[in-house]
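Values in this text are rule-based calculations from the coordinates and carry no lab data. Model, not experiment: these values are computed from the prediction. As a convention, Cβ positions derive from the backbone with ideal geometry for all residues, glycine included, and neighbour counts pool all protein chains shown.
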C-alpha cells in the first residue's frame, strides 16, 4: 500500500485486497490524509453481534474514515464514488464516512446516512 501501513488496520490479514487497492486510489483522489477509524471487525465484535448478519467490516470489505464538516464529507464521498466505491454510509453524528465494496447478500449499490 502506498498511503497506509498495516498498523492502521485492526487485523490487516483479514482485509480484502480489492478494498486495500481502492483505499490507496481514494487517498490519491481525495488529495489529503485519511484517518481510518474502523477496519476489520470479527463477527463477535459488539457492533457486528447486534446485527442479524455481520456487515461488510466482518468480511474485511469496508472501513470507516474520520471526516468532519460538510465540504470535507462531500469531497470524500465524491472521491469515493469516482474511484468506484458502491456502498457509502455517512455518519454526521459520529463524523465518519463508511466506504465498502460489498459481500454476498449485500445491496450492490447504496448510499445511506446514520
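Observations on the structure shown:
- Rounded Å value of the spacing that divides the Cα centres of the stretch 40-61 and the stretch 74-112: 16
- Efficiency of FRET from Cβ geometry, residue 2 and residue 71, R₀ 35 Å, rounded to 0.05: 0.90
- Mean separation of Cα contacts under 8 Å, 6 or more apart, over the residue count of the stretch 40-88: relative contact order %: 27
- The chain: antiparallel DSSP beta bridges as a percent of all, rounded to 5: 75
- Counting DSSP beta bridges with both ends in the stretch 55-114, the antiparallel % (nearest 5): 70
- Spin-label pair residue 113-residue 81: with each label point 7 Å from Cα along the Cα-Cβ axis, the two points sit 1.5 nm from one another.
- Read-out volume of the Cα convex hull per residue in Å³, derived from the coordinates shown; its label in [x] 99; [y] 175; [z] 137: [x]
- Computed helical MRE - 222 nm, the chain, DSSP H runs ≥ 4 contributing -39500 (n - 2.57), nearest 500: -8500 deg cm²/dmol
- Packing, taken as the mean count of other beta carbons within 10 Å per residue, orders the peptides 6-12, 54-60 from highest to lowest as 54-60, 6-12.
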